[in-house]
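Let me begin by handing over the structure; questions about it come next.
The values are calculated or read from the model by the stated rules, or taken from the named source; none is laboratory data. Keep in mind that what you see is a predicted model, and the values were worked out from it rather than measured. Cβ placement follows ideal geometry from the backbone for every residue including glycine, while neighbour counts extend to all protein chains displayed. SASA here: full protein model, heavy atoms, side chains in, ligands and nucleic acids out. Shrake-Rupley method; radii C 1.70, N 1.55, O 1.52, S 1.80 Å.
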Amino acid sequence: MTVNTEKSREAWTLVARSDDVAEGGRQVIELGNDVQIGLFRFKGKLYAYENLCPHQSGPACQGRMVDGVRERIEEGGRSAGLAFDKDDPHIVCPWHGFEYRLTTGEHAGVPSIRLRGFGVREEGGDIHVAL
Ligand code: FES
């Protein structure tokens, strides 16, 4: 069972089967009332975000997935350049390139900008989201 939420008091809605979201993969699901969510699985955990970019409402969850970039710091604090970080995947909004951390929904450069996240529960082969 995967529970990744602070919203566990919300109503749980069945949105997918476990097999629908492979490791490293995603599903974008239409829930009706013009609400879509992006479901992602990374290192066995599930993450759910509204498919609505805070910038100008683009379909952020349908964007490219890329490794985050971090600065490597040597002993003494000197920069050793930049490196891709496979432990920090990002989702890139297809409209204007805002980049969000998959594991938090935060914009990579401005953490106060974030995708709207939902709690996720996986049990008995079903995935539920707290809406
Ligand atoms: S709408 Fe997503 S970057 Fe502009």
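Read through the list (1) farther than 20 Å from ARG114 by Cα; (2) in contact with a His (Cβ under 7 Å, 6 or more places away or on another chain), then give the number of the only condition that SER79 fails.
Of the numbered conditions (1) farther than 20 Å from ARG114 by Cα; (2) in contact with a His (Cβ under 7 Å, 6 or more places away or on another chain), the odd one out for SER79 is (2).
Kindly provide the set of residues from region 109-131 that are surrounded by fewer than 18 Cβ atoms within 10 Å (Cβ to Cβ) and not charged (D, E, K, R), ordered by number.
GLY109, VAL110, PRO111, SER112, ILE113, GLY124, GLY125, LEU131 - these are the residues of region 109-131 that are surrounded by fewer than 18 Cβ atoms within 10 Å (Cβ to Cβ) and not charged (D, E, K, R).
Can you list the strands (runs of 3 or more DSSP E) found entirely within region 12-131 that contain at least 2 residues being among the hydroxyl-bearing types (Ser, Thr, Tyr) and at pLDDT 95 or above?
Numbers: elements: 12-17, 26-32, 35-42, 45-50, 64-73, 79-92, 99-101, 120-123, 126-130.
So the answer is 45-50.
Turning to a different aspect of this structure: Go through region 81-110 and give me each residue that's away from the ligand (no atom under 16 Å from the Cβ) and farther than 11 Å from TYR49 by Cα.
Hits for region 81-110 are GLY81, LEU82, ALA83, PHE84, ASP85, LYS86, ASP87, ASP88, PRO89.
Another question, if that's okay. Being under 18 Å from GLY24 (Cα atoms) and of a type in the set (Asp, Glu) is the filter here, so list the residues in region 101-125 that pass it.
Scanning region 101-125 gives a single hit, GLU122.
Still on this model: Which residue is farthest from the ligand (Cβ to nearest atom), if the candidates are limited to region 55-80 and must be open to solvent by 60 Å² or more (accessible area, probe 1.4 Å) and within 24 Å of GLU122 (Cα to Cα)?
Per the criteria, the residue is MET65.
Picking from LEU39, LEU52, which residue would you name as being surrounded by 12 or more Cβ atoms within 10 Å (Cβ to Cβ), within 16 Å of the ligand (Cβ to nearest atom) and touching a residue at least 60 places away in the same chain (Cβ under 8 Å)?
The match here is LEU52.
Further question: Can you find, within region 24-36, the residue that is nearest to the chain's Cα centre (by Cα) among those that are within 17 Å of ARG121 (Cβ to Cβ) and open to solvent by less than 70 Å² (accessible area, probe 1.4 Å)?
Initial filter on region 24-36 (within 17 Å of ARG121 (Cβ to Cβ)): 27, 29, 31.
So of that shortlist, the ones also open to solvent by less than 70 Å² (accessible area, probe 1.4 Å) come out as 29, 31.
On the way: ILE29: 14, LEU31: 17 Å.
In this case the residue turns out to be ILE29.
Sort out which residues of region 81-94 are surrounded by 13 or more Cβ atoms within 10 Å (Cβ to Cβ) and without any contact (Cβ under 8 Å) to a residue 24 or more places away in the chain, and write them in order of number. Let's see the steps before the verdict.
Within region 81-94, the first condition is being surrounded by 13 or more Cβ atoms within 10 Å (Cβ to Cβ), and the residues that meet it are 85, 88-94.
Correct list: ASP85, ASP88.
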